[in-house]
Each structure stands twice: as C-alpha cells, then as structure tokens.
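The values are calculated or read from the model by the stated rules, or taken from the named source; none is laboratory data. Being a predicted model, the structure only gives us computed values, none of them experimental. Every residue, glycine as well, gets a Cβ built from its backbone with ideal geometry; the counts of neighbours run over all protein chains shown. Side chains are part of the model used for accessible areas, which takes the heavy atoms of the whole protein and leaves out ligands, DNA and RNA. Shrake-Rupley method; radii C 1.70, N 1.55, O 1.52, S 1.80 Å.
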Amino acid sequence: YQAEFPTKNGEWTEVSVPLTRLVPMFRGQTLSGPPLDRTRIEEIGLSLSDGNPGAFALEVDWIKAE
C-alpha cells in the first residue's frame, strides 16, 4: 500500500498522508485489493519513485501515525 507526497529540494516540508489514501501497489502498478487493514501494519517504508536517475537525499525528522 502506498501514497505519493510532494517534496521540494532544499526545503523542509510537513506532510500528512491519511491511511485512507493508501492504495495497494506493486512496482508502480495499482492492484485490486481490499482496503488497508490498519491493525496489520508492521512497518513503514519510504522510496523515491519519480523515475529520474541520479543522486538524491530524503531526510526525515519524525513520523507519527494517527
């Protein structure tokens, strides 16, 4: 399950991603599947998927689930 969020080079941004926005995906392809079961979440991952090769950095100050 994943959702996109915007970033800006050189700027800190605060992003809110409601769990209801997460959709089942595999390698960039949307899958049909059940809604996310919040009780089964075991980990969170972040990845760059803009398709642009090259160096990048993503600094995370904190993550909070509500």
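Are any residues in region 53-66 open to solvent by 100 Å² or more (accessible area, probe 1.4 Å) and of a type in the set (A, V, I, L, M), and if so, which ones?
Passing the criteria: Ala55, Ile63.
Conditions tested, residue by residue: (1) open to solvent by 90 Å² or more (accessible area, probe 1.4 Å); (2) assigned to a loop (DSSP other than H, G, I, E, B).
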site	(1), (2)
Thr13	no, yes
Thr20	yes, no
Pro35	yes, yes
Thr39	yes, no
Gly45	no, yes
Leu48	no, yes
Gly51	no, yes
**OP:** Consider Pro24 carefully, then state whether it is free of Cβ contacts under 8 Å to residues at least 60 places away in the same chain and open to solvent by 100 Å² or more (accessible area, probe 1.4 Å).
**Re:** no
Q) Is one or more of the residues making up region 39-60 basic (Lys, Arg), modelled with pLDDT under 90 and out of contact with any Phe, Trp or Tyr (no Cβ under 9 Å at 6 or more places or on another chain)? A) no
